[in-house]
Amino acid sequence: MSRVLITGVSTRAAAESAARAGFDVTALDAFADLDQHPGVQAHALPGPFTARAAAEAARRIECDAVAYLSNFENHPAAVRALTANRMLWGNPPEILKRVRDPIAVVRALRNRGFAVPAAYVASGFGRTSASTVRLKADATMGKPADATRGKQADATRGKQTDATKEEWLVKPRASGGGHGIRPWHQGDDVPSGAYLQEYVDGIPGSVVFVAARGRAVPLGLSRQLIGDRAFGTDGFRYCGNILAPSSDTVFQQEDALVAATCELAVGVADEFGLVGLNGIDFVARDAAPYVIEINPRWCASMELVERAYGLSIFGAHARACDAGTLPDFDLIDARRRSDSAFGKAIVFAHHDITAADTCEWVSNAVDEQTHIRDVPRPGTFIRAGRPICTVFAEAANAGACYAALVARAARVYADFD
């Protein structure tokens, strides 16, 4: 199983991890960025990237195994087409259907006592009243399970289903990167293909893990950067992560939160039968991680785990999917031994631009500590609001790491402006 095809909107990081792990890698995405690993054959899909179009184009690429990235998790039919007559390294379509169903996620995790915002799935276009949301939420959510996590279960319940008092967000069911998320107000239309999720005030974060046979090994816990204007975006758009050591507190009640997120990863893997690499986006309120979304594939923060802990992320993915084996890795110990914060930020275009001599951004050899990655090819037209590149930083603590990311993003803007 040496030849692997990796496809998704942006594959550079995962393809690089796979090449370093010794695989013969072909990558198919929307960009075919300039700074590919020498062991990667990179191809850009002509025209707009869709999972269906990528699956069709991938049929002409020879490989032994295939791994998908974002946004395939929202398109089980495309995953089925992608993996016809091939070994799939990732979650199969039947698992994707359940783990990406917001109501199924809320029901399952509340039954296990985990904290989950209330949700309401709209059946079609129409104006939705607060009382309708409240009744629908009451009918579908039930009550959280008690037992050993009774206090946490009670905390997740609160008054969350009362839409006259709580805030709600409209989210596309085929979500990703915060696209299309906006506040919902009483009486607003809820479009078909969207759902309402209760807004939870707290610190956004993510935990990534590798799973097999109902077990899971947490690999990394990071704080997310969301809607940060320093990187050219706003609202609920994802724009980066900072992975900090245990000595640098970035969440409230961090020790308890780390334990809770590790327990959450194990519970989610067991509940949904996940395999390979996965991630959970959450909002931390005190010591409770409120599950916002489960991402059943490679996640953006995983390359920070490689930088910080030296773990082969794609290697762990391949072994979990192919042989059901998990790495001997202890996240709590790794965070304790780390003495630096590692960060990445996606830099979005303020206005329409055309990439000029970006070759200057690329070193002669691909260096895993390079500060600018996902480099566009010269002449690439980039629309306002689309990503230009990714910047990285390492510093003694999360505050200094964030400041370095902001400074490097400013230099990218200066190069274009």
Among 348-354, 192-198, 287-293, what's the highest-first ranking by average C-beta atoms within 10 angstrom per residue? 287-293, 192-198, 348-354
Using unit Cβ charges (K, R positive; D, E negative) and no other charged atoms, how large, in debye to the nearest 20, is the dipole of the chain about its Cα centre? 1180 debye
Once phi is turned into θ = phi - 60°, what whole-Hz ³J(HN,Hα) does the Karplus curve with 6.51, -1.76 and 1.60 give for every residue of segment 11-27, x standing for Gly and Pro? 10, 3, 5, 5, 5, 5, 4, 5, 5, 5, 7, x, 8, 8, 10, 10, 10
Report the Stokes-Einstein translational diffusion coefficient (µm² s⁻¹, integer) for segment 285-417, Rh taken as the Kirkwood radius over Cα pairs, at 10 °C with viscosity 1.306 mPa s. 92 µm²/s
Could you order the peptides 326-339, 241-254, 216-229 from most to least packed, using the average number of other C-beta atoms within 10 Å per residue? 216-229, 241-254, 326-339
Answer label, with Cα extents along the principal axes in Å calculated from the coordinates and candidates (i) 81, 52, 40; (ii) 59, 49, 46; (iii) 61, 53, 50: (ii)
Report the one residue of F314, L326, P289 whose Cα lies farthest in the direction of the positive end of the charge dipole of segment 215-333 (charges on C-beta: Lys and Arg +1, Asp and Glu -1; origin at the Cα centre). F314
Among Q41, A65, G22, which residue has its Cα positioned farthest towards the positive end of the charge dipole of segment 3-89, with +1 placed on the Cβ of Lys and Arg, -1 on the Cβ of Asp and Glu, and the dipole taken about the Cα centre? A65
Tilt, helix 130-141 to longest principal axis of the chain (alpha-carbon atoms), in degrees rounded to tens, equals 80 degrees
Estimated FRET transfer efficiency (Q41, A384; beta-carbon r; R0 35 Å; 0.05): 0.65
With r defined as the distance between the Cβ atoms of A403 and N74 and R0 fixed at 35 Å, what FRET efficiency is calculated, to the nearest 0.05? 0.50
Determine the gain in length on full extension of the stretch D201-C359; use 0.36 nm per residue of separation and subtract their C-alpha separation, reporting nm with one decimal. 52.7 nm
Largest fluctuation, E394, E62, E73 only, Gaussian network model of the chain with Cα springs under 10 angstrom, belongs to E62
Show that you can apply the helix-only estimate: for the chain, add -39,500 (n - 2.57) for every DSSP H stretch of four or more residues, divide by all residues, and state [θ] at 222 nm to the nearest 500. -9000 deg cm²/dmol
Starting from the Cα gyration tensor of segment 3-89, take the square roots of the eigenvalues, sort them a ≥ b ≥ c, and report rounded, prolate or oblate (rounded when a/c is under 1.5, otherwise prolate if a/b is larger than b/c, else oblate). oblate
The simple spin-label model distance between D188 and A104, using points 7 Å out along Cα→Cβ, in nm, is 2.7 nm
If the chain between T249 and R215 were fully extended at 0.36 nm per residue, the gain over the current Cα-Cα distance would be 9.4 nm
From the Cα gyration tensor of segment 188-234, with a ≥ b ≥ c the square roots of its eigenvalues, which class applies: rounded if a/c is under 1.5, or else prolate if a/b is larger than b/c, or else oblate? oblate
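Only the coordinates and a few stated rules stand behind these numbers; no lab work does. Note that this is a predicted model, so its numbers are computed, not measured. For neighbour counting, all protein chains shown are included, and Cβ atoms are generated from backbone atoms with ideal geometry for every residue, glycine included.
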